[in-house]
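K.L.:
Following this message is one structure expressed as structure tokens.
Read-outs: derived from the displayed coordinates by stated rules, not from any lab. This one's a predicted model, so the numbers in the text were calculated from it and none came from an experiment. FYI the Cβ positions are ideal-geometry reconstructions off the backbone, even for glycines, and counts take in every protein chain you see.
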Amino acid sequence: MTIDIKPDLYAQVPDEHGRFGIYGGKFVAETLMSALAELESLYNDLKDDPAFLREFDLDLTHYVGRPSPLYEAARWSDKIGGGRIYLKREDLNHTGAHKVNNTIGQALLAKYMGKKRVIAETGAGQHGVASATVAARLGLECHVFMGEEDIKRQALNVYRMKLLGAEVIPVTSGSKTLKDAMNEALRDWVTNVDNTFYIIGTVAGPHPYPMLVRDFQSVIGREARVQSLNMTGKLPDALVACVGGGSNAIGLFHPFLSDNKVAMYGVEAGGKGVETGEHAAPLSAGIPGVLHGNRTYLMQDENGQIMHTHSVSAGLDYPGVGPEHAWLKDIGRVNYVDATDAEALAAFHRVTRVEGIIPALETAHALAYAEKLAAEMVPDQHIIVNLSGRGDKDILTVAEIDGIDLGIS
Amino acid sequence: MSRLGPLFDQLRAENRRAVIPYLVAGDPDEALTVPLMHSLVEAGADIIEVGVPFSDPMSEGPTIQKGHERALEGGTSLLSTLSLVKQFRETNAYTPLVLMGYANPLERKGYAAVADACAEAGIDGLITVDLPPEEVTAMNAELRRQKIDNIFLISPTTSDARITTITAQASGFIYYVALKGVTGAGHLDTDAVEAHLETIRQHTSLPVAVGFGIKDADTAATLARCADAVVVGSALVELVANDLGTDGSYDSAISGAHSLISSIRNGVNLATSN
Ligand SMILES: Cc1ncc(COP(=O)(O)O)c(C=O)c1O
């Protein structure tokens, strides 16, 4: 008798070539191919290894402070008057964002590989801080590449990284933001590939990065699933997360992908409005292409040049997106939408005043969309929003936009 | 039909090595590109590598990155690069030309259309930095259809097993990346290069060019003893950067490039003449 096993579509990606449908892959210079192969084979050995998983879990529990709470934003939900909104509090993690889940995992891999030097790219500085933090803890040399433009708008995080002992290297090429920081990190990796581990901060880059970052971040969705069942007796009706490269979003979504009744919304940075061209919403307005080691949706011109992006939030200011999101868009499993700078700022202020939680500007994009979605729902429906990070780092930006001089610069 | 095979056959028969200058098309201005190419040939270049400007040139050091930025400011694209090539071909039908660039401009135009346009313009080979053997199959099929060579990079980190995979798909020549790093880096170890070339030659009879980090006649001469060709990029792009045509002409870039490539030509010839 043959048993009809329904294969889980979502567990089958990426394939052995690192592909999510036509997306993903390993589009890098030859010099990096052996390093990627080494990382892939180590990760394949470790990903189901109980000792490795226990080490990762212990760090998440005792160093990061997991599980992060699922919190019912009751007053905010009451004011909206529709569906109930629950916040997955990644802002309460050590270092203040979801980014640390991934850097803990990758630092463990670096340790297993015996690498003494780590590099990272950063936009908002949250991934840079999370990388500098794990490097300090393991006694590794840490270099963080950061666009000159972002160094200006995230001065507090730059100083945090320096306090932690990392060297912050300003990137002056191209648009001087996250994309260029990633170019520079790849150039450093090619040069120092023998002793260096590249800690990529999101579900982008060449295979196996989109897979391993997803796996490390999926702790968010696994916890949220159990918490939702415990608190409400059912799965959520919808999930909402902001999408820069897409790591906090995939982390929340992935454990729910097979639950067909759970709707999912990835919120990109609409900037000044997608119709103005000044945005960072490749899934909403981009075209598939190849950048930073993978095939995905990109903001590019008719000649295949990558376009400059705009977002009020440095962490979403990126012209590409993780390849798994590109695939999830094409197969229709996740809806990709956008929130503008103005909508994000309004949500930032509202949640701060109504719930006493100051969110990161990246996160505020998800909150802005959740508000619209909740308004169309009824009270026995509920949404989980990934509260991916806290907004302390953005205080200076918000003050400046609001025309308030804090007397510091 | 690619001009690369016949050229290398002839060079081998004469015990000569090829000199391959690299420039960025449209850097700093499309007006310089074709005259510069002719001047390079006059100075002794056997093949010219034409860089296709890209917004995110991940394997380039600062010098060539700036060349890409200047060319993009002037609006040079893959298609306008190919029209410069066509202009060059009006008076030079024999020098092999190799396009060097990144995958996204090719993806955007479509591989088949790119292969057709390259053939029509008179391109002999393509090097695409971020299309390693794992990702190049579709592009390679289109290039084969148009009898254009697909030139693969091999690096100091390429394992023997990978060398076998790469040489099985390669044609024209192999491009050995002389160091772990980006173009224009300063830490070239010529002894290590020599040892690696011996390994590569155990796997293929294709000619092997060496590039990345070759800036002067001495280094070129040393490498010419073991390589079939030497590539000079950053040193040439630097000369262009020092003459941005502000006096209404590019005379000093052209004469500087001429004397750089002449001196490299002489160094290489001397090294192989005894
Ligand atoms: C708090 C926060 N949320 C979201 C992001 C966006 O990244 P991702 O889309 O990978 O989650 C960042 C990036 O810096 C961030 O700091």
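K.L.:
Which lysines have a Cα less than 21 Å from the Cα of A:Lys261, not counting those fewer than 8 places away in the same chain?
P.N.:
By straight Cα distance, A:Lys261 reaches A:Lys6, A:Lys88, A:Lys234, A:Lys329, A:Lys372.
K.L.:
Ok, one more. Just need the relative contact order of chain A here, percent rounded to a whole number, with Cα pairs under 8 Å and 6+ apart. Show your work: numbers first, answer last.
P.N.:
Details: 865 pairs, mean separation 82.6, N = 409.
Worked out over chain A, it gives 20 percent.
K.L.:
Using +1 on the beta carbon of Lys and Arg, -1 on that of Asp and Glu, and nothing else charged, what's the dipole of the protein assembly as shown about the Cα centre, debye to 20?
P.N.:
Numbers: 57 positive and 86 negative charges, 258 e Å.
The dipole magnitude comes to about 1240 debye.
K.L.:
Kindly state, to the nearest 0.05, the FRET efficiency for A:Lys116 paired with A:Asp392, given R0 = 30 Å and r defined as their beta-carbon distance. Please report the intermediate quantities before stating the final value.
P.N.:
Details: r = 31 Å, r/R0 = 1.04.
Efficiency at R0 = 30 Å is approximately 0.45.
K.L.:
Then there's this: What distance in nm separates the simple spin-label points at A:Ala37 and B:Gln202, each placed 7 Å from Cα in the Cβ direction?
P.N.:
1.5 nm
K.L.:
Report Rg/Rh for segment B:1-78, rounded to two decimals, where Rg is the Cα radius of gyration and Rh the Kirkwood radius. It would help to have the intermediate numbers written out before the result.
P.N.:
On the way: Rg = 14.6 Å, Rh = 13.8 Å.
We get a ratio of 1.06 for segment B:1-78.
K.L.:
Now for a different question. Which percentage, to the nearest 5, of the DSSP beta bridges contained in the protein assembly as shown is antiparallel?
P.N.:
Details: 16 of 76 bridges.
Taking every DSSP beta bridge with both residues in the protein assembly as shown, the antiparallel ones total about 20 percent.
K.L.:
Neighbour counts of other C-beta atoms within 10 Å: give me A:Asp8, A:Asp394 arranged from fewest to most.
P.N.:
Values: A:Asp8 9, A:Asp394 29.
By the 10 Å Cβ count, ascending, the order reads A:Asp8, A:Asp394.
K.L.:
Restricting to segment B:4-272, compute how many DSSP beta bridges are antiparallel as a %, nearest 5. Intermediate values should be presented prior to the final figure.
P.N.:
Working: 0 of 25 bridges.
That works out to approximately 0 percent antiparallel.
K.L.:
Give the percent of DSSP beta bridges with both residues in chain A that are antiparallel, rounded to the nearest 5.
P.N.:
Numbers: 16 of 51 bridges.
If I count the DSSP bridges inside chain A, around 30 percent turn out antiparallel.
K.L.:
In segment A:368-398, whose amide N lies under 20 Å from the spot 7 Å out along Cα-to-Cβ of A:Arg353? List them in ranges.
P.N.:
Counting only backbone N, you get A:368-375, A:391-392, A:394-398.
K.L.:
Checking the table A:Lys152/A:Lys272; A:Lys47/B:Lys180; A:Lys116/A:Lys393; B:Lys86/B:Lys109; A:Lys26/A:Lys47 against a 23 Å threshold on Cα-Cα, which pairs fail? List each step's numbers first, then the result.
P.N.:
Details: A:Lys152/A:Lys272 20 Å; A:Lys47/B:Lys180 29 Å; A:Lys116/A:Lys393 29 Å; B:Lys86/B:Lys109 18 Å; A:Lys26/A:Lys47 20 Å.
In this structure, A:Lys47/B:Lys180; A:Lys116/A:Lys393 lie more than 23 Å apart at Cα.
K.L.:
Oh, and also: Extension gain A:Ala346-A:Ala74, at 0.36 nm per residue separation less the Cα-Cα distance, in nm?
P.N.:
On the way: separation 272, 0.36 × 272 = 97.92 nm, distance 1.86 nm.
Difference between extended and current length: 96.1 nm.
K.L.:
For chain B, what relative contact order do you get, as a whole percent, if you take Cα pairs closer than 8 Å and at least 6 residues apart? Intermediate results must be reported in sequence, preceding the final value.
P.N.:
On the way: 512 pairs, mean separation 64.6, N = 274.
Taking the mean separation of contacting Cα pairs over the length of chain B, I get 24 percent.
K.L.:
So if I average 1/r over every pair of distinct C-alpha atoms in chain A and take the inverse, what Kirkwood radius in Å does that give? Could you put the intermediate results ahead of the total?
P.N.:
Values: mean 1/r = 0.0476 Å⁻¹.
Answer for chain A: a Kirkwood hydrodynamic radius of 21.0 Å.
K.L.:
In what sequence do A:Arg222, A:Arg214, A:Arg353 fall when counting other Cβ within 10 Å, fewest first? Please list the in-between numbers first.
P.N.:
Numbers: A:Arg222 15, A:Arg214 22, A:Arg353 12.
Taking fewest neighbouring Cβ atoms as first place, the list is A:Arg353, A:Arg222, A:Arg214.
K.L.:
Consider all pairwise Cα distances in segment B:4-272 and report the whole-number % of them above 29 Å.
P.N.:
Values: 8599 of 36046 pairs.
Considering segment B:4-272, 24 percent of its Cα-Cα pairs are separated by more than 29 Å.
K.L.:
Going 7 Å from the Cα of A:Lys234 in the Cα-to-Cβ direction, what parts of segment A:374-398 have a backbone nitrogen less than 15 Å from that spot?
P.N.:
A:377-384
K.L.:
Tell me, A:Leu212, A:Leu396 in order of fewest to most beta-carbon neighbours within 10 Å? Don't jump to the answer; show the numbers that get you there.
P.N.:
Working: A:Leu212 24, A:Leu396 18.
With the sparsest Cβ surroundings first, the list reads A:Leu396, A:Leu212.
K.L.:
Could I ask something else about it? What list of ³J(HN,Hα) values in whole Hz, one per residue of segment A:164-172 in order, does the Karplus curve 6.51 cos²θ - 1.76 cosθ + 1.60 (θ = phi - 60°) give from phi, with Gly and Pro shown as x?
P.N.:
Computed from phi, the couplings for segment A:164-172 are 7, x, 8, 9, 9, 9, x, 10, 10 Hz.
K.L.:
Next question, about the same structure. Note down the Stokes-Einstein diffusion coefficient of the protein assembly as shown in µm²/s, whole number, using a Kirkwood radius over alpha carbon pairs, 4 °C, and 1.567 mPa s. Spell out each step's value before the answer.
P.N.:
Working: Rh = 26.2 Å.
Result for D is 49 µm²/s.
K.L.:
Ok, one more. Under 16 Å between alpha carbons, and skipping anything fewer than 8 positions from A:Lys162 in its own chain: which aspartates and glutamates qualify?
P.N.:
The qualifying aspartates and glutamates are A:Glu121, A:Glu141, A:Glu148, A:Asp150.
K.L.:
According to the Cα gyration tensor, what semi-axes, each the square root of 5 times an eigenvalue, does the equivalent ellipsoid of segment B:3-129 have, listed from largest to smallest in whole Å?
P.N.:
Numbers: eigenvalues 108, 54, 42 Å².
Ellipsoid semi-axes (Å, largest first): 23, 16, 14.
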